[in-house]
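The values are calculated or read from the model by the stated rules, or taken from the named source; none is laboratory data. Keep in mind that what you see is a predicted model, and the values were worked out from it rather than measured. Glycine also receives a Cβ, built like all others from the backbone with ideal geometry; neighbour counts cover every protein chain displayed.
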Amino acid sequence: MRNGETLSQRERVAAEQPGEGQQSQRIPPSAATPSLSPPATPSPHGRRIAARSDLPWLIVSALIVALALMPIGGIVYFALRGSGDVWPNLIANVLPYALRTTVLLLLGVGAMVTLIGVGTAWLVTMFTFPGRRLLEWALLLPLAVPTYIIAYAYLDVLHPLGPVQSTLRGLFGIARPRDLWFPEIRSLHGCVFLLGVVLYPYVYLPVRAVFQMQSTAALEVARTLGANRLKVFWRVAIPLARPAIAIGVSLALMEALNDIGASEFLGVRTLTVAIYTTWTVRMSVEGAAQIALVMLAVVFALILFERWARRRQLYSGQARRHHTPTPQPLGGLAAAGAALACALPILFGFLVPASYLVVASWRRFEIAGMPRALPTWIANSVTLAVIATIATIVIGLALVYSVRLSRSRVAPVLVRIASTGYAVPGTVLAVGLLVPLASLDNAIADTMRQTFGVSTGLILTGSGAALVLAYTLRFLAISAGSIEAGLAKVSPHLDMAARSLGSRPAKILATIHLPLIAPAIAAGAALVFVDVMKELPATLLLQPFNFTTLATALYGEAKRGTYEDGAIAALAIVAVGLIPVIVLARVNARVGQPTRRRASAGGAPVEIGAHI
């Protein structure tokens, strides 16, 4: 080293001299050494440009929220108009009985889905017994059977002249049907049983995911302190899974509250049935709206219950990097009891109604062939489902993408408000949409008649557009939840890089995000499609004249008592309902893989609940 030459000077000389194959380039000192100063903040001009590019997405989200709140505004408007002479009869005779019946139904269904869902989730997660691998995914099969179809099937299976009671009379030598005592299925407890065996997967899915993600440390500590299996279950596992239980039970109760077919078939006068009969029988939309307000209060009570039960959700998320529980082998009577406990819900919730539908469909086919209107029913159902699915996915994508783009705290709130439609029963949505859509129909008809002399008729309520809107608002939470889960896995650095190259948000969405989140969009679209195919309450109230879907055709056959004639339509709905079961079974299998890094258990139930 020469005198007076420092190390930094030599480094600068080396940096200025080109290497082999390189051109001479002078590197400024600021580029040769890393800067320790904080990065420059965006200029006010840059912030204004970003705000202008994000503003259209926020405006779209605000319009979607206004559309989602429109049914509630319609209900309030109708209820305030008063129902005249109908209201005294409703408040004296209809509303108290319907409210009491609904509360008892929700309490019974809540207890049953909790017992079955939590119990089976614990057994297939913590123990090994014969048939466990088959049962752990077969427990999802009742999700394919809508509530009105299971009631439809059991009404014929358990009829006094049906196969069950006929077999029992033959075994005991009883000649007359009335001489054999048998529990009445057309009752409140019969409705609780049927809804419980078909809705328990809403609890089973998230609770099993939490049990799989729990650390073995807490369980092993409890066992070393002398706790037996029952105490470990009650004192350790249940408190850790309480948020997931609350989410699953809330989803199941909202489905029970939305039900109209099973309750009406079984003679249970719930609030949903009261809304339908008040509208269609008493011809009082105002009275139906007043009952719908009471029903909305029940829905909000369920939401508050779910939030209250999850108020300490974070304490269940400590299993992030621990080993998952190793199932303990069972033998003898314990293994047989565990297998039987997991098999009975599958038997009553899927195998019995599915077997009945197959047999009844075959009998109908042998006697009279396929129903002539079956292709029309399928075409109507598929057309509505495809249009509603596309609309739901597009709107959900706009909502979720606005949150990703905007720095405002308002955007996430808008998404949550727009997604509340899943909690609103279909009958309430139908009542609330009638006023604004009918008013808009009348305004369009008057304008076209006065301006062009053309009578357009009922464009919205008479063409099925009202049904598509009801489906979109009701199932928007499913698409938004699926897309949000997919976008959460896309690094925001991709957005920053694309924006630095001058790309607009719409181009970034089309060229980067959509290809990456295509599987999430496809999963959400499949779930929305199937839910639209199965939806009955909103379809009954908003369907155009001479327009029949598979669900309404089945409802009509059940009302007439011609069960075999509707069996083919019911079997088609169940076959379509198997699509989300397959999707959820694959998701559940991936969650159960021990080698994968999982998110905290506290967040799993929310994502699974949104996908359900």
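Per-structure values
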quantity: Residue count for segment 254-274, restricted to those that are within 15 Å of residue 113 (Cβ to Cβ) and either buried (at least 23 other Cβ atoms within 10 Å of the Cβ) or not hydrophobic (A, V, I, L, M, F, W, C) (or both); calculated: 6
quantity: Residue among 153, 217, 209, 144 that alone is of a type in the set (A, V, I, L, M, F, W, C) and either on the phi > 0 side of the Ramachandran plot or modelled with pLDDT of 90 or more (or both); calculated: 153
quantity: Failed condition for residue 480, given (1) surrounded by fewer than 18 Cβ atoms within 10 Å (Cβ to Cβ); (2) aliphatic (A, V, I, L, M); (3) under 24 Å from residue 144 (Cβ atoms); calculated: (1)
quantity: Answer from 462, 486, 502 - the residue that is of a type outside the set (D, E, K, R), in contact with a Pro (Cβ under 8 Å, 6 or more places away or on another chain) and closer than 17 Å to residue 405 by Cβ; calculated: 486
quantity: Flag if residue 158 is under 13 Å from residue 342 (Cα atoms), at pLDDT 90 or above and hydrophobic (A, V, I, L, M, F, W, C); calculated: no
quantity: Count of residues meeting criterion [basic (Lys, Arg) and assigned to a helix (DSSP H, G or I)] in segment 267-296; calculated: 0
quantity: The listed residue being part of a helix (DSSP H, G or I), modelled with pLDDT of 90 or more and crowded, with 17+ Cβ neighbours inside 10 Å, out of 347, 357, 340; calculated: 357
quantity: Test: residue 434 is assigned to a helix (DSSP H, G or I) and closer than 25 Å to residue 61 by Cβ; calculated: no
quantity: Which numbered condition residue 130 misses (of (1) out of contact with any Gly (no Cβ under 9 Å at 6 or more places or on another chain); (2) part of a loop (DSSP other than H, G, I, E, B); (3) free of Cβ contacts under 8 Å to residues at least 24 places away in the same chain; (4) not polar (S, T, N, Q)); calculated: (3)
quantity: Test for residue 461: is it farther than 19 Å from residue 390 by Cβ, touching an Asp or Glu at 6+ places or on another chain (Cβ under 6 Å) and not in a helix (DSSP H, G or I); calculated: yes
quantity: Residue pairs meeting the criteria (Cβ under 9 Å; at least 6 apart or on separate chains; first in contact (Cβ under 8 Å) with a residue 24 or more places away in the chain, in segment 347-370; second aliphatic (A, V, I, L, M) and surrounded by fewer than 12 Cβ atoms within 10 Å (Cβ to Cβ)); calculated: 364/370
quantity: Odd one out for residue 553, checked against (1) among the small types (Gly, Ala, Ser); (2) over 30 Å from residue 405 (Cβ atoms); (3) part of a helix (DSSP H, G or I); (4) modelled with pLDDT under 85; calculated: (4)
quantity: Qualifying residue in segment 437-450 (condition: part of a helix (DSSP H, G or I), under 22 Å from the mean Cα position of the chain (by Cα) and at negative phi); calculated: no
quantity: Scan of segment 507-550 for residues that are of a type in the set (S, T, N, Q), in a helix (DSSP H, G or I) and either under 29 Å from residue 152 (Cβ atoms) or in contact with a Leu (Cβ under 8 Å, 6 or more places away or on another chain) (or both), ordered by number; calculated: 539
quantity: Single unsatisfied condition, residue 177 versus (1) over 29 Å from residue 534 (Cα atoms); (2) modelled with pLDDT of 85 or more; calculated: (2)
quantity: Subset of segment 540-582 [over 20 Å from the mean Cα position of the chain (by Cα) and without any contact (Cβ under 8 Å) to a residue 60 or more places away in the chain]; calculated: 546, 552, 556, 557, 559, 560, 561, 562
quantity: Residues within segment 87-118 that are over 17 Å from residue 257 (Cα atoms) and surrounded by fewer than 19 Cβ atoms within 10 Å (Cβ to Cβ), tallied; calculated: 7
quantity: Any pair with Cβ under 7 angstrom, 6 or more apart, that starts in segment 73-85 at a residue that is under 16 Å from residue 433 (Cα atoms) and among the hydrophobic types (A, V, I, L, M, F, W, C) and ends at one that is part of a helix (DSSP H, G or I) and modelled with pLDDT under 80; calculated: 78/435
quantity: Yes/no for residue 117 being under 16 Å from residue 252 (Cβ atoms) and in a helix (DSSP H, G or I); calculated: yes
quantity: Filter result (touching a residue at least 60 places away in the same chain (Cβ under 8 Å), of a type in the set (A, V, I, L, M) and farther than 18 Å from residue 530 by Cβ) within segment 133-155; calculated: 135, 138, 139, 151, 153, 155
quantity: Residue in segment 519-537 that is free of Cβ contacts under 8 Å to residues at least 60 places away in the same chain, surrounded by fewer than 21 Cβ atoms within 10 Å (Cβ to Cβ), under 27 Å from residue 375 (Cβ atoms) and not hydrophobic (A, V, I, L, M, F, W, C) present; calculated: no
quantity: Check on residue 465, at pLDDT 85 or above, surrounded by fewer than 22 Cβ atoms within 10 Å (Cβ to Cβ), within 25 Å of the chain's Cα centre (by Cα) and more than 20 Å from residue 59 (Cβ to Cβ); calculated: yes
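This table checks each residue for (1) over 30 Å from residue 302 (Cα atoms); (2) modelled with pLDDT under 85; (3) surrounded by fewer than 22 Cβ atoms within 10 Å (Cβ to Cβ); (4) touching a Phe, Trp or Tyr at 6+ places or on another chain (Cβ under 9 Å).
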residue	(1), (2), (3), (4)
379	yes, no, yes, no
385	no, no, no, yes
392	no, no, no, yes
434	no, yes, no, yes
441	yes, yes, yes, no
470	no, no, no, no
474	no, no, no, yes
